[in-house]
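To start, the structure itself, in structure tokens.
Read the figures in this text as sums done on the coordinates, not as results from a lab. Predicted, not measured: the structure shown is a model, and the values here were computed from it. Heads up, the Cβs are rebuilt from the backbone with ideal geometry, glycines too, and the neighbour counts pull from every protein chain shown.
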Ligand code: HEC
């Protein structure tokens, strides 16, 4: 019974694929490559990029290297190449007093909405695209971890 139902489903799927893809050679490739999950193969081309979610900590390190180091420096000491003309200076994340003075929430907020929105220097840019709370939290963790280094 089960075998019959599966093969019927596969047959229906193959028919749908053939119709949808106008029997182009790609439908053959989809069926073969889909392997274990033929039911998902129809949608796989559009969702493939979002299926693999990178680890937030790894993403945070990449974002820090790309977006924060120009001002805050590779080690987060506030001495990046673009910090020279800035007043106030970008925050040195190794400053223990500063670390103790801010909440986790504040760090996440300023990274997201920027300095101006929280009464700080407008030179600290907003990152409206960083709306994933897990990524924002990981960036905050990254900043906190720098604070634990001398
Ligand atoms: C164009 C330069 C620039 C870039 C890029 C930048 N910052 Fe800043 N950042 C600043 C400046 C300037 C300040 C100091 C703001 C102040 O004290 O008024 C600051 C302050 C901060 C603070 C401390 C806020 C506080 O209340 O003391 C945090 C946290 C911070 N930045 C995180 C980041 C992170 C994380 C990134 C990358 C996503 C980043 N910044 C990118 C310039 C920058």
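Working note: Cα atoms of segment 56-147, range along each principal axis, descending, whole Å: 32, 25, 25. Once fully extended, how much extra length lies between residue 87 and residue 144, figured as 0.36 nm per residue of separation less the alpha-carbon to alpha-carbon distance? Extra length available between residue 87 and residue 144 comes to 18.2 nm. With a Förster radius of 22 Å applied to the C-beta separation of residue 120 and residue 99, the computed FRET efficiency comes to 0.90.
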